[in-house]
Each structure stands twice: as structure tokens, then as C-alpha cells.
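Since the structure comes first, as C-alpha cells, the remarks are kept for the end.
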Amino acid sequence: QVQLVESGGGLVQAGGSLRLSCAASRNILGFKAMSWYRQAPGNERELIAIINSGGTNYANSVKGRFTISTDTAKNTFDLQMNSLKPEDTAVYYCNGDDSRNRHYWGQGAQVTVSS
């Protein structure tokens, strides 16, 4: 069973930065896609960043501020979040999809942006 463990959430003031990291218990090269989602209270979980063989893609709400990246040596994939806004407050989840379309989720990390 593949496990994804997130780290790096917390409280930050508007305009600040945070970096989330997702550590996989397997070689991340085995994922066909890695992504980050977030879910704010009362909202559905939304896809905000994805990386696969075709490159990267971002939701319009985070484009230009967030960056998804991978580190194959560490088997991690990260989400660098800059210019944070109060509306970015949510629980953030990492996700890995393998070649058999199995989905693996991290435990979630709270990000709170104060105004």
C-alpha cells in the first residue's frame, strides 16, 4: 500500500509564503500524475496543481503564485505557495495516480492565511 505523508502547513499572514511537501513510500516515477487539491469549509475539494508527463497545470485561482515540483531523489513532490491570500485558507491534500488509475491521498495539511 502506497502512503503519502504531507508536511509544511501552518499559519501565515497575507502576502507570505509556505511550502508543502508530500513524501511517498514508493518511487514517485511510478506515478503517472501527481497533484495538489484543497478543500475549504463548505466547499468541494478542488484540483489546484498537477504535474505529469505533459508538464504542469494550475487552477486560475493560483496560477502565477503556486508552483508544483518533484524531487525524484527524495521521492517527494512539493507545492510552493507565494503571495498567499486569506481565500487560500483550506486543507491541502496531495494525490498520486498510478498507471492502474489507483488514487493515493495524503492526510491533509491545514493552511491558514490571516488578513
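If you go through the stretch 8-44 and pick out every residue that is of a type in the set (D, E, K, R) and either over 14 Å from the mean Cα position of the chain (by Cα) or at pLDDT below 95 (or both), you end up with 3. Among the numbered conditions (1) assigned to a loop (DSSP other than H, G, I, E, B); (2) touching a strand residue (DSSP E or B) at 6+ places or on another chain (Cβ under 6 Å); (3) open to solvent by 60 Å² or more (accessible area, probe 1.4 Å), the only one that Val2 does not meet is (3). Screening the candidates Ser61, Ser17, Ser53, Ser21 for the property of being small (Gly, Ala, Ser) and in contact with a Phe, Trp or Tyr (Cβ under 9 Å, 6 or more places away or on another chain) yields one hit, Ser21. Is at least one residue of the stretch 48-61 out of contact with any Lys or Arg (no Cβ under 7 Å at 6 or more places or on another chain), touching a residue at least 40 places away in the same chain (Cβ under 8 Å) and outside any strand (DSSP E or B)? Checked the stretch 48-61: no residue is out of contact with any Lys or Arg (no Cβ under 7 Å at 6 or more places or on another chain), touching a residue at least 40 places away in the same chain (Cβ under 8 Å) and outside any strand (DSSP E or B). Filtering the stretch 41-50 to residues that are touching a strand residue (DSSP E or B) at 6+ places or on another chain (Cβ under 9 Å) and open to solvent by 20 Å² or more (accessible area, probe 1.4 Å) leaves Pro41, Asn43, Arg45, Glu46, Leu47, Ile50.
Checking Arg38, Arg19 one by one, the residue that is assigned to a strand (DSSP E or B), in contact (Cβ under 8 Å) with a residue 60 or more places away in the chain and open to solvent by 40 Å² or more (accessible area, probe 1.4 Å) is Arg19 and no other.
Looking at Ser35, Ser53, just one residue is more than 14 Å from Val91 (Cβ to Cβ) and touching a strand residue (DSSP E or B) at 6+ places or on another chain (Cβ under 7 Å), and that residue is Ser35. Can you tell me how many residues within the stretch 64-101 are part of a loop (DSSP other than H, G, I, E, B), in contact (Cβ under 8 Å) with a residue 60 or more places away in the chain, open to solvent by 50 Å² or more (accessible area, probe 1.4 Å) and of a type outside the set (S, T, N, Q)? Counting residues in the stretch 64-101 that are part of a loop (DSSP other than H, G, I, E, B), in contact (Cβ under 8 Å) with a residue 60 or more places away in the chain, open to solvent by 50 Å² or more (accessible area, probe 1.4 Å) and of a type outside the set (S, T, N, Q) gives 1.
Residues in the stretch 22-33 that are open to solvent by less than 50 Å² (accessible area, probe 1.4 Å) and either in a helix (DSSP H, G or I) or touching a His at 6+ places or on another chain (Cβ under 6 Å) (or both): Ile28, Gly30.
The values are calculated or read from the model by the stated rules, or taken from the named source; none is laboratory data. Note that the coordinates shown come from a computational prediction; the quantities given were computed from them, not determined experimentally. When we count neighbours, we look across all protein chains shown, and the Cβ atoms used for this are built from the backbone with ideal geometry, even at glycine. Protein only, heavy atoms only, side chains kept; ligands, DNA and RNA dropped before computing areas. Shrake-Rupley method; radii C 1.70, N 1.55, O 1.52, S 1.80 Å.
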